[in-house]
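The values are calculated or read from the model by the stated rules, or taken from the named source; none is laboratory data. Remember, predicted model here, so these are calculated numbers, not experimental data. Positions of Cβ are generated from backbone atoms using ideal geometry, with glycine treated the same way; all protein chains shown enter the neighbour counts. The accessibility values were calculated without ligands, DNA or RNA, using every heavy atom of the protein model including side chains. Shrake-Rupley method; radii C 1.70, N 1.55, O 1.52, S 1.80 Å.
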Amino acid sequence: MTRVPDHSSGTTFSVLKVLYLLAVTGGTFMVPAFAATQFVRWLLVPALLALQVVILLACRIPITEIVRPVGRLKWLFLFLIGCYLLLPTESPGAGDLILRWHVPLVDWLIPLNLTGLERAALMCLQILTLLLASMVVRVTGSGSDLADGLRALRLPDLFVYSLDHTLELLGGTKKSGRGRAEAAGQGGTLSTVKRLLRGDIGGFVQTIRTNIERARERPEGDRRLDPQLIHDIGIVTGIALCMASVKVLKLLPGLPFAPGHKALLLFPLYVLASRLTHSRWGGTAAGSIMGVIGFLQGDGRFGALEIFKHVAPGLVIDLAGPLVGRLPAWCLGYCFLGLAAAAGRITTELMLVLLLGARAEVYLFPAAVLIPNLLAGFLSGFVTIFVLRAFAGSDAEVDKDRGAQIGNKADETTEMLSQQFPAEPAKSAASAYSIRQK
């Protein structure tokens with residue numbers, strides 16, 4: 001007899017890791033936000049930070065890997081400390097402790113807000129706690145515990161199956177294989193960008209077609225799935241593979257040059273996923289898969305919050321895409337759609353500032369990257385229109401199926417109304433008669 005392996009313990013562990021991440025994030029940001037629990041903020045936040053460090057050291061993670069997030073976010077930390085230390089108090093009666101520092105050799109007297117410095121230090125500890133908790137979930141266990149936990153939480157089938165297929169085609173997300181994946185993706189993506197700069201969209205379109213066909217070559221697995229769901233899984237998986245190759249594109253590694261430039265290639269993929277799938281949320285599913293894969297590979301600076309950076313553009317495109325699709329096929333409509341998606345792409349920074357409860361001046365930090373993101377989002381509309389024209393046949397087929405579904409639903413509704421129609425005039429006549437009698 002063959003013993004069937006029991007995955008219940010592994011699934012439980014994966015769910016517990018997801019719940020652990022949510023609990024640490026909630027405790028880190030919610031406790032300092034309420035006046036009733038603020039007195040324990042300097043006990044809870046450092047304790048949670050120390051717990052993450054102990055867990056990572058127990059898992060034999062090098063200390064250089066643990067302190068690396070500090071180097072990634074040094075400019076954000078300096079910006080927070082500078083805002084709260086040098087700027088005046090938010091309200092005149094706040095009662096902050098002010099130290100007036102006399103600058104040597106210069107007859108300047110600079111007021112230093114020590115209470116603000118304490119708040120900025122706590123914010124830095126909150127961010128570090130979130131990042132290290134994300135690292136605990138990412139580097140401990142099998143490496144796919146986050147994906148297993150999300151699957152066990154009964155998320156939509158399109159996301160679950162597409163994530164599973166994408167991870168399988170990528171060969172997992174182990175860090176040891178990341179360098180080879182980046183090298184392959186970097187070369188292919190750079191060659192595609194060079195062809196785009198010459199006005200040749202064919203290479204990008206061919207890359208998309210190749211990845212979609214590669215995703216469709218997999219065995220279907222569960223035969224009980226709806227054929228339309230199987231079709232959508234192939235589309236979302238193929239586009240997620242394209243997004244994974246675009247994600248590793250770096251124009252000037254290590255320099256903050258043109259942040260958001262990847263949106264030139266990513267946003268057309270979001271739109272294509274939304275247009276080629278029968279599901280209402282094709283773009284959101286593709287962005288969610290890209291966010292989860294990026295998190296598992298250690299991409300981004302803000303840990304688990306980076307997932308929302310990829311989910312938000314897909315959500316915006318899925319909601320606004322049908323409206324743009326009804327307009328004439330011109331570039332300007334998709335340019336404005338790219339603007340809206342680019343505004344949603346910086347939700348990670350805005351969400352972090354909102355969770356910290358920071359003062360208004362701190363919102364200048366995410367606003368600094370807003371302009372280049374908006375520019376890239378606007379220019380992505382020109383790429384989008386050419387990509388949609390290349391896939392016009394597939395898009396028309398999906399629209400036809402959607403129209404057939406709507407027609408079937410309308411026929412069913414008409415049939416139900418026709419069955420009830422004979423009883424309705426009697427009610428209206430009786431009511432009218434009663435009114436006339438009155």
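Please give the length that would be gained between Ala392 and Leu57 if that part of the chain were fully extended, namely 0.36 nm times their separation in residues minus their C-alpha to C-alpha distance (nm, one decimal).
Details: separation 335, 0.36 × 335 = 120.60 nm, distance 5.33 nm.
Fully extending the segment from Ala392 to Leu57 adds 115.3 nm.
Once phi is turned into ³J(HN,Hα) by the Karplus curve 6.51 cos²θ - 1.76 cosθ + 1.60 with θ = phi - 60°, what whole-Hz value does each residue of the stretch 61-75 show in order, with x for glycine and proline?
Karplus values, whole Hz, x for Gly and Pro: 7, x, 4, 5, 6, 6, 8, 4, x, 5, x, 5, 10, 4, 6.
Tell me, what is the per residue accessible area of the stretch 299-388 in Å², probe radius 1.4 Å? Before the final figure, lay out the partial values.
Values: 3760 Å² over 90 residues.
Normalised by residue count, the accessible surface of the stretch 299-388 is 42 Å².
Viscosity 1.002 mPa s, temperature 20 °C: Stokes-Einstein D of the stretch 317-357 from its Kirkwood Cα radius, in µm² per second?
Approximately 185 µm²/s, per Stokes-Einstein.
Give me Rg over Rh for the stretch 13-105, both radii from the alpha carbons and Rh done the Kirkwood way, two decimal places. Before the final figure, lay out each step's value.
On the way: Rg = 18.0 Å, Rh = 16.8 Å.
Reported Rg/Rh, Kirkwood definition of Rh: 1.07.
What is the calculated FRET efficiency for Arg326 to Arg216, with r their C-beta to C-beta distance and R₀ = 45 Å, to the nearest 0.05? Could you put the intermediate results ahead of the total?
On the way: r = 29 Å, r/R0 = 0.65.
After rounding, the FRET efficiency stands at 0.95.
For a quick protection proxy, order the peptides 122-131, 70-79, 12-21 by their average other-Cβ count within 10 Å, most packed first.
On the way: 122-131: 22.6, 70-79: 13.6, 12-21: 16.6.
In descending order of packing, they fall as 122-131, 12-21, 70-79.
Please list 3J(HN,Hα) in residue order for the stretch 150-163, calculated via the Karplus relation 6.51 cos²θ - 1.76 cosθ + 1.60 where θ = phi - 60°; whole Hz, with x for glycine and proline.
5, 5, 6, 7, 6, 6, x, 4, 4, 5, 5, 5, 5, 5
Add +1 for every Lys or Arg and -1 for every Asp or Glu among the other residues with Cβ under 15 Å from the Cβ of Val316, and state the total.
Values: positive: Arg275, Arg280, Lys309, Arg345; negative: Asp318.
Charge balance in the 15 Å sphere: +3.
Between Ala50 and Ala121, what's the calculated FRET efficiency when r is the beta-carbon distance and R0 is 25 Å? Round to 0.05. Show your work: numbers first, answer last.
Working: r = 15 Å, r/R0 = 0.61.
E between Ala50 and Ala121, to the nearest 0.05, is 0.95.
List, in order, the whole-Hz ³J(HN,Hα) value for each residue of the stretch 270-287 obtained from phi through the Karplus relation with A = 6.51, B = -1.76, C = 1.60 and θ = phi - 60°; use x for Gly and Pro.
4, 4, 5, 5, 5, 7, 8, 9, 6, 5, 6, 10, x, x, 5, 5, 5, x
What number do you get for the stretch 337-376 when its Cα radius of gyration is normalised by 2.2 N^0.38 Å, N = residues?
Values: Rg = 10.5 Å, N = 40, 2.2 N^0.38 = 8.9 Å.
Compared with the compact-globule rule of thumb, the stretch 337-376 sits at 1.17.
By per-residue mean of other Cβ atoms within 10 Å, what is the highest-first order of 352-359, 102-109, 161-168, 277-284? Please report the intermediate quantities before stating the final value.
Details: 352-359: 17.9, 102-109: 7.6, 161-168: 21.6, 277-284: 23.4.
The packing order, highest mean first, is 277-284, 161-168, 352-359, 102-109.
Sorting Met351, Met243 by accessible area (1.4 Å probe), largest first, what list results? If you can, show how the numbers build up before the last one.
On the way: Met351 60, Met243 0 Å².
The residues order as Met351, Met243, largest area first.
Leaving out ligands and nucleic acids, note down the accessible area per residue over the stretch 43-175 with a 1.4 angstrom probe, in whole Å². Kindly include the intermediate steps, with their values, before the conclusion.
Values: 7200 Å² over 133 residues.
Per residue, the stretch 43-175 has an accessible area of 54 Å².
Which peptide among 308-317, 44-53 comes first, and what is the full order, when sorted by highest mean count of other Cβ atoms within 10 Å?
On the way: 308-317: 25.2, 44-53: 16.9.
Peptide ranking by packing, descending: 308-317, 44-53.
Near the amide H of Leu112, under 5 Å away, which other amide H atoms are found, from residues 5 or more places off or on another chain, if H is placed in the peptide plane?
Correct list: Leu99, Arg100, Trp101.
I need the calculated FRET efficiency for the pair Leu86 and Thr64, taking r as the beta carbon distance and R₀ as 45 Å, to the nearest 0.05.
Values: r = 32 Å, r/R0 = 0.71.
That gives a FRET efficiency of 0.90.
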